[in-house]
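> Before I ask anything, here is the structure I am working with.
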Amino acid sequence: MIHYTVLIITNTKSDLSKLNFPDFDIINIGSEDFREFQEKTELKDFIDTEHSGFIKKERFAIINKDHTKKFGSKKIFDLYNFLLLMFPSNLAVEYILDFSIRGNKNIFKTSTRFEPRDEQDENFLIFNELKTDEINKFIKDYYTSYLDIGYLKSSIQNYVSSFDNPYYHFSYISFCISLESVVNGNSELLYRIRRNLAVICGKDEKTSQTIYRNLNKIYSLRSKIVHGSPFSDDKVYEYINYLQSIVSKMIIELIIHNILKLDDLNYKLTSLGFGDRNKISENWTETEINDNIESIIYEELQ
């Protein structure tokens, strides 16, 4: 018997069905495609009887295109994590639905429901739909290989887990740990984090300098958090949006460069200056799939 999982995700203002992934479809649950899926899997009875308001809220289902073949549930969560990587936001898994295939029939088995942490819509996922083709090209080029770079796995794991933590100061530390995964050695750690990120993410000398200064403020607050010094919760909340964005940008840039060894990356960065991100590797192409990130990371923090 074959088992498979479907995720129902929410907290998005954009139409995720416009995004093309190789093994999965993302379907609006109010669409005809989803209604057909309900009929085939007996999911309709579950929704109608137990969740009367289910369709009213904007939600999307992540469904494997060919569920006649066995696949690990990790793949569907890798897709969800890739969405968060491209678009840091309050995107949330609301339901995990489990199905089985008996003969030629798909059967709905069980569901697990999660309460999305934040219902405020100012941080819902949103993308510029005029850039849909560019976003889909990025997915095509990098989605199947984005976990191949060993030193980025830890960074991605800390990044993704930070969104699930209800305590902002713990999330803050996890985002900082994500940044630290691209620096080797222990000496002059703060200086090299600031410099590496300024080179990797800065589009010119001015924006690199802004990133360099901003990370000094980020890490000054981090130091207060980890050492038990008094700190402002409001400042943590203010800075965490910047942290989400700079970590996302860093990972995206390094996925594009595809430098497999951390030592090779750091050796290259030592010879480059602010505004030289295009020289880190021959693989680099300018990619701006998230307008929100681009507007955030180049602004001076107060």
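The values are calculated or read from the model by the stated rules, or taken from the named source; none is laboratory data. Values in this document were obtained by computation on a predicted structure and should not be read as measured data. Every residue, glycine among them, receives a Cβ derived from its backbone with ideal geometry; neighbour counts consider all protein chains shown. These accessible areas exclude ligands, DNA and RNA; they are computed on the full protein's heavy atoms, side chains included. Shrake-Rupley method; radii C 1.70, N 1.55, O 1.52, S 1.80 Å.
> Once ligands and nucleic acids are excluded and a 1.4 Å probe is used, how much of Ser271 is accessible, expressed in Å² to the nearest 10?
Accessible surface of Ser271 is approximately 90 Å².
> Past the 25 Å Cα-Cα mark, which pairs from Lys65/Lys105; Lys140/Lys249; Lys131/Lys268; Lys13/Lys69? Before the final figure, lay out each step's value.
Values: Lys65/Lys105 15 Å; Lys140/Lys249 18 Å; Lys131/Lys268 31 Å; Lys13/Lys69 32 Å.
Check vs 25 Å cut-off fails for Lys131/Lys268; Lys13/Lys69.
> Among Val236, Val226, Val93, determine the one that fluctuates most according to a GNM of the chain built with springs between C-alpha atoms less than 10 Å apart.
Val226
> Tally the DSSP beta bridges in the chain and give the antiparallel ones as a percent, rounded to 5.
Details: 25 of 26 bridges.
The answer is about 95 percent antiparallel.
> Please list, or write none, the lysines whose alpha carbon is within less than 19 Å of the alpha carbon of Lys235, excluding same-chain residues fewer than 8 places away.
Lys217, Lys224
> Using a 1.4 Å probe and counting only protein heavy atoms, arrange Val160, Val182 so the residue with the most accessible area comes first.
Details: Val160 20, Val182 0 Å².
Sorted by accessible area, descending: Val160, Val182.
> Something else about it: As an exercise, identify the trypsin sites (Lys or Arg not before Pro) in the stretch 96-159 lying in DSSP coil whose Cβ has no more than 13 other Cβ atoms within 10 Å. Present the calculation step by step, with values, prior to reporting the outcome.
Details: sites: Arg102, Lys105, Lys109, Arg113, Arg117, Lys131, Lys137, Lys140, Lys153; in loops: Arg117.
Those satisfying the criteria are Arg117.
> Same structure again: Please tell me the relative contact order of the chain in percent, rounded to the nearest whole number, where contacts are Cα pairs under 8 Å and at least six residues apart.
Values: 444 pairs, mean separation 57.5, N = 302.
Answer for the chain is 19 percent.
> Ignoring ligands, DNA and RNA, what percent of the 1.4 Å accessible area of the stretch 241-302 is carbon and sulfur? Working shown, then result.
Details: 1250 of 2770 Å².
Exposed carbon and sulfur together represent 45 percent of the surface.
> Just Ser155, Ser181, Ser232 to compare: in a GNM of the chain, with alpha carbon springs under 10 Å, which one fluctuates most?
Ser232
> Pick from Ile246, Ile101, Ile26: which residue has the top mean-square fluctuation in a GNM of the chain where Cα pairs under 10 Å get a spring?
Of the options given, Ile101 has the highest mean-square fluctuation.
> I've got another one for you. Just to confirm the number: angle between the C-alpha axis of helix 233-257 and the first principal axis of the chain, 0 to 90 degrees, nearest 10?
Orientation of helix 233-257: about 90 degrees from the principal axis.
> For Thr270, what accessible surface area do you get with a 1.4 Å probe? Give it in Å², rounded to 10.
Accessible area, nearest 10 Å²: 100 Å².
> Sticking with the crude label model, points 7 Å out along Cα→Cβ, report the distance from Ser111 to Asn186 in nm, one decimal please.
Output for this residue pair reads 5.1 nm.
> Using Cα pairs under 8 angstrom and six or more residues apart, how large is the relative contact order of the stretch 75-180, in percent? Numbers along the way, then the final one.
Details: 78 pairs, mean separation 23.4, N = 106.
Worked out over the stretch 75-180, it gives 22 percent.
> As a test of reading the structure, rank Tyr242, Tyr142, Tyr267, Tyr168 by solvent-accessible area (1.4 Å probe, protein chains only), most first.
Values: Tyr242 5, Tyr142 40, Tyr267 175, Tyr168 85 Å².
From most exposed to least exposed: Tyr267, Tyr168, Tyr142, Tyr242.
> In addition: First check a/c for the stretch 166-214, with a ≥ b ≥ c the square roots of the eigenvalues of its C-alpha gyration tensor; if it is under 1.5, answer rounded, and if not, answer prolate when a/b is larger than b/c or oblate otherwise. Display every interim value, and only then the final one.
Numbers: a/c = 2.54, a/b = 1.41, b/c = 1.81.
Oblate.
> Could you sort Lys249, Lys279 by accessible area so the largest value comes first, with the probe set to 1.4 Å? Mind showing how you got there, number by number?
Working: Lys249 5, Lys279 110 Å².
Correct descending sequence by accessible area is Lys279, Lys249.
> Next up: Could you calculate the contour length gain from Glu288 to Asn258, that is, 0.36 nm times the residue separation minus the distance between their Cα atoms, to one decimal place in nm?
On the way: separation 30, 0.36 × 30 = 10.80 nm, distance 1.71 nm.
The Glu288-Asn258 span can extend by a further 9.1 nm.
> Next up: Among Val160, Leu179, Tyr191, whose Cα sits farthest toward the positive end of the charge dipole of the stretch 124-216 (+1 at Cβ of Lys/Arg, -1 at Cβ of Asp/Glu, about the Cα centre)?
Going by the charge dipole, the pick is Tyr191.
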